[in-house]
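J.: This is the structure I have questions about; it appears just below.
Just so you know, all these numbers are worked out from the coordinates, no wet-lab data involved. Being a predicted model, the structure only gives us computed values, none of them experimental.
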Amino acid sequence: MLAFVGMLVQELGITFPGSLDFAGKVPFDSVLKDGVGFPALQNIPPIGLAQIVLFGGIAEMIAIPARQYTGGPQNLPGGYDGSPGLIPGGYPWTEQITDAEERDRALNVEIQNGRAAMMGVFGAMCHSNLDSCDHHFFYPITHN
């Protein structure tokens, strides 16, 4: 869902001040000069893309490695018990759902919301690549 909101913010032209490199040759707003989504990826220097991939790899292999999947307190697939400093053992001020039907419903709702958000981002990225129109996915919002 944050990715969808992030695309909207980018369409509005809101960017961080500063530059992608230390020399100041690639300002943040230059990434969006050809549009958001896939066209914006082409404006990121290769070393920047490598940093993104490296960060993802470090997160997957060191910060939250799959070998630490324990199922969590309720032995659910893909759950973490938590490790201090890296993974919280749950949300603060909440308790685990003990009723099996209620837990299954809550997990299904969470999965469906995640899928809907991914479809929204994918739709926005595909629409940004259409050559048949002058506007983009968020045109009604950003140009009124």
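J.: Work out, step by step, the length gained on full extension between T98 and I111: first 0.36 nm times the residue separation, then minus their alpha carbon distance; give nm to one decimal.
T.: 2.8 nm
J.: Here's something else I'd like to know. Check T15: other-chain or 5+ apart residues with amide H under 5 Å from its amide H, H built from backbone geometry?
T.: So T15 has HN proximity to no qualifying residue.
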